[in-house]
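Only one structure is covered here, and it is reproduced in the block below.
The values are calculated or read from the model by the stated rules, or taken from the named source; none is laboratory data. The structure presented is a predicted model; accordingly, all values stated were derived computationally and were not measured. Reconstructed Cβ throughout: ideal geometry from the backbone, glycine too, with neighbour counts over all protein chains shown. These accessible areas exclude ligands, DNA and RNA; they are computed on the full protein's heavy atoms, side chains included. Shrake-Rupley method; radii C 1.70, N 1.55, O 1.52, S 1.80 Å.
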Amino acid sequence: MMPPRHGKSQFISQYFPAWYLIRNPHKRVILASYEADFASNWGRKARESVERFGHIFGAKIRAESHAASRWEIAGTEGGMMTAGVRGPITGKGMDLGIIDDPVKNDEEAASETYREKVWDWYLSTFSTRLHKGGSMVVIMTRWHEDDLVGRLLKAQDAGGDKWDILNLPAIAEKAERSHLFKRKVGDPLCPDLIPPKMLEQAKSRMGDYWWGSLYQQRPFP
């Protein structure tokens, strides 16, 4: 859970799949996002990262793999495909599944019908593609207390799938001390990208509701 414009898609949807497939060229990755074109864009960037760095580790893209939304590692069955949320992935398996921002805007977030469709798609389609020993990553900016992350956390509390949770508000509301980093109360998440003055302006501009959800990952009714 992260605020906008802090590099989450670049890390998780570009570099992470490339790193994963360079290290595990026989594995399969499926990336889904709110829109097929958006997901395909990150598929292309992940492919370009493998093309740039893969040869160092003996991995390269299969010559006939030109599509940004589907490409393979040469000499293996491994590779990556992308799709929009609720898009066609039936019949495809994955060792790593990534959902990057399943919600496009406030209209979708506020729609109970859309939230229900995303949840049904996750349960009936996306999660059923996972191979034995596989992993899933869901990364998003929070929009609504009943969004996909909200439902996953609620299901976990009820005894469902267990998740490793990384919650990164734009401004630390409590002291954070972990093996990842340390922040004091009031510290910004990444001042080199979004300095405190910009965060203050954003909070003043959007008000408590959107600030709490989008920037602090603390949505409320």
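Considering only 146, 192, 101, give the residue with the highest GNM mean-square fluctuation for the chain, with springs between Cα atoms whenever their separation is below 10 Å.
In the Gaussian network model the winner is 192.
Bin all alpha-carbon pair distances of segment 159-221 at 10 Å intervals from 0 and give each bin's fraction as a whole percent.
Reading the bins upward from 0: 19, 48, 26, 7, 0.
If you take every DSSP beta bridge whose two residues both sit in segment 83-206, what share of them, in percent to the nearest 5, is antiparallel?
Around 35 percent antiparallel, to the nearest 5.
What would the Debye equation give as log₁₀ I(q)/I(0) for segment 68-178 at q = 0.23 Å⁻¹, counting only Cα atoms as equal point scatterers?
-1.43
Which whole-number percent gives the relative contact order of the chain, counting Cα pairs below 8 Å spaced six or more residues apart?
With pairs under 8 Å counted, the relative contact order is 23 percent.
Given the options 88, 195, 169, state which has the largest fluctuation in a GNM of the chain using a 10 Å cut-off (strictly under) for Cα springs.
It is 195.
Can you give the helix-only mean residue ellipticity at 222 nm for the chain, where every DSSP H stretch with n ≥ 4 adds -39500 (n - 2.57) and the sum goes over all residues, rounded to the nearest 500 deg cm²/dmol? Walk me through the numbers before you get to the answer.
On the way: 6 runs with 66 residues, N = 221.
Helix-only estimate at 222 nm: -9000 deg cm²/dmol.
Mind telling me which of 99, 171, 30 comes out most flexible in a GNM of the chain, alpha-carbon contacts under 10 Å?
Looking only at 99, 171, 30, the largest GNM fluctuation is found for 171.
Within segment 175-221, report the chymotrypsin sites (Phe, Trp or Tyr not before Pro) that DSSP leaves as loop and that have at most 14 other Cβ atoms within 10 Å.
Those that pass, being in a loop and sparsely packed, are 181.
Probe of 1.4 angstrom, ligands and nucleic acids ignored: what's the accessible area per residue over segment 1-119, in square angstrom?
On a per-residue basis, segment 1-119 sits at 49 Å².
In debye, nearest 20, what is the charge dipole magnitude of the chain about its Cα centre with +1 on Lys and Arg Cβ and -1 on Asp and Glu Cβ, if you could check?
700
Along the principal axes of its C-alpha atoms, what lengths does segment 80-125 span, in descending order and rounded to whole Å?
Each principal axis gives a Cα extent; for segment 80-125 these are 31, 18, 14 Å.
What is the ratio of the Cα radius of gyration of the chain to 2.2 N^0.38 Å, where N is its residue count, to two decimals?
Compared with the compact-globule rule of thumb, the chain sits at 1.06.
Once you keep just the Cα pairs under 8 angstrom separated by 6 or more residues, what percentage relative contact order results for segment 123-218?
30
How compact is segment 19-126 by the rule of thumb for globular proteins, expressed as Cα Rg over 2.2 N^0.38 Å? Don't jump to the answer; show the numbers that get you there.
Values: Rg = 14.9 Å, N = 108, 2.2 N^0.38 = 13.0 Å.
Relative to the 2.2 N^0.38 Å estimate, segment 19-126 comes out at 1.14.
Which percent of the accessible area of the chain is formed by carbon and sulfur heavy atoms (probe 1.4 angstrom)?
52
Could you sort out which of 162/184; 45/182; 8/174; 27/92 sit more than 20 Å apart by Cα distance in this structure?
Result: 162/184; 45/182; 8/174 exceed 20 Å.
Going toward the positive end of the dipole of the chain, with +1 on Lys and Arg Cβ and -1 on Asp and Glu Cβ, which of 58, 18, 97 do you reach last?
Positive-most Cα among the choices belongs to 58.
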